[in-house]
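Working notes, beginning with the structure itself.
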Amino acid sequence: MDMTCKSPGEIAQGFACTIGVNKAKAGFMFLLIMGIFAGVYIAFGAQLATIVGTGISDHVGFGIARFLTGAVFSVGLMLVVIAGAELFTGNNLIVLAVLDGKASFGGLLRNWTIVFIANFIGSLLLVYLIHYSGLLNMSGGAVGANAMAIANAKVNLTFMQAFTRGILCNWLVCLAVWMSCSSKMVIGKIFAIFFPIMAFVASGFEHSVANMYFIPIGMLNKGAAFAQGMDLANLNMTGLLVTNLIPVTLGNIIGGAFFVGTLYHFVLLKGKKA
């Protein structure tokens, strides 16, 4: 048996017995700092995707432009998994430990709450750094215009659009985390992460933590020259929290905790014991 690659059952056992348990019991400061790291790392990927996606469809076409944007965004989860950080969406897999009786539901909610807030803090940290760096003025303000267009599109989704895109997104994100655990080699983890993350971004799905960067960077720059002429009526706190983050976060939980965590637990752990 190739010891560099774990089976799905071994991955499920790891989340149920070790990874999920440790995350549910982790200390406050650990979760706070590692959660801030994850928010920054995902925001790095979001900013890179904004730059790479600026004006590219005019040269390579819509589909290739989406592929390239998704390809570079994947660096965010690579940093989270390989460098180490606590990401709310990936931590939806703690549900395996809860369902297996090795972690408490309270521990899961505690982890999710602290990490979600910490991810938001980390995302906002990069929002302000990028805002004051002047990088949105690159290419004659085209990068900033693209950032505004991305943010504005997200706050104009319907509840059902944001919710279903959230489900689809974290189904893939948690599969990326799941598959990365199968390899003990860095290159294996990179390839396991790259394809699902590229797929969710290229497909236009919605990730709550990524949106903690995408939308606030637009809100902070509504008065910039590159924002002139855009209808930004919904680009505000209501658009961020109510229109986008609430339905997207709920969708992310269902996509990750149910479609990956709960169903894999049923098939690979509970079903096997039965």
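The values are calculated or read from the model by the stated rules, or taken from the named source; none is laboratory data. Source: prediction; values computed, not measured. No Cβ is skipped: glycine too gets one built from the backbone with ideal geometry, and neighbour counts run over all protein chains shown. What goes into the accessible areas is simple: the full protein's heavy atoms, side chains included, and nothing from ligands, DNA or RNA. Shrake-Rupley method; radii C 1.70, N 1.55, O 1.52, S 1.80 Å.
Computed quantities for the displayed model
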read-out: Whole-number percent relative contact order across the stretch 10-86, with pairs defined as alpha carbons under 8 Å at least 6 apart; value: 38
read-out: Kyte-Doolittle mean at least 0.5, axial Cα span of 30 Å or more - DSSP H helices of the chain; value: 28-52, 105-133, 159-180
read-out: Pairwise centroid distance, computed over Cα atoms, of the stretch 214-274 with the stretch 48-101, Å; value: 13
read-out: Residue-normalised accessible area of the stretch 160-209, expressed per residue, 1.4 Å probe, Å²; value: 39
read-out: Stokes-Einstein D for the stretch 226-274, Kirkwood Rh over Cα pairs, 4 °C, 1.567 mPa s (µm²/s); value: 95
read-out: Residue-averaged [θ]222 nm for the chain, counting only DSSP H segments that reach four residues, each worth -39500 (n - 2.57); value: -19000 deg cm²/dmol
read-out: Dipole of the chain, positive end: most advanced residue of A192, G101, T158 [Cβ charges, Cα centre]; value: G101
read-out: Shape box of the stretch 50-98 [Cα atoms, principal axes, largest first, Å]; value: 48, 20, 12
read-out: Charge dipole (debye, nearest 20) of the stretch 1-90; +1 at Cβ of Lys and Arg, -1 at Cβ of Asp and Glu; value: 180
read-out: Projected-area average for the stretch 99-187 over all orientations - Cα convex hull basis, square nanometres; value: 9.4
read-out: Given K154/K184; K25/K154; K6/K270; K25/K270; K102/K270, the pairs whose alpha carbons are separated by over 25 Å; value: K154/K184; K25/K154
read-out: Mean Cβ neighbour count within 10 Å, used as a protection proxy, ranking 130-137, 40-47 highest first; value: 40-47, 130-137
read-out: Within the accessible area of the stretch 10-67 (1.4 Å probe), percent carbon and sulfur; value: 71
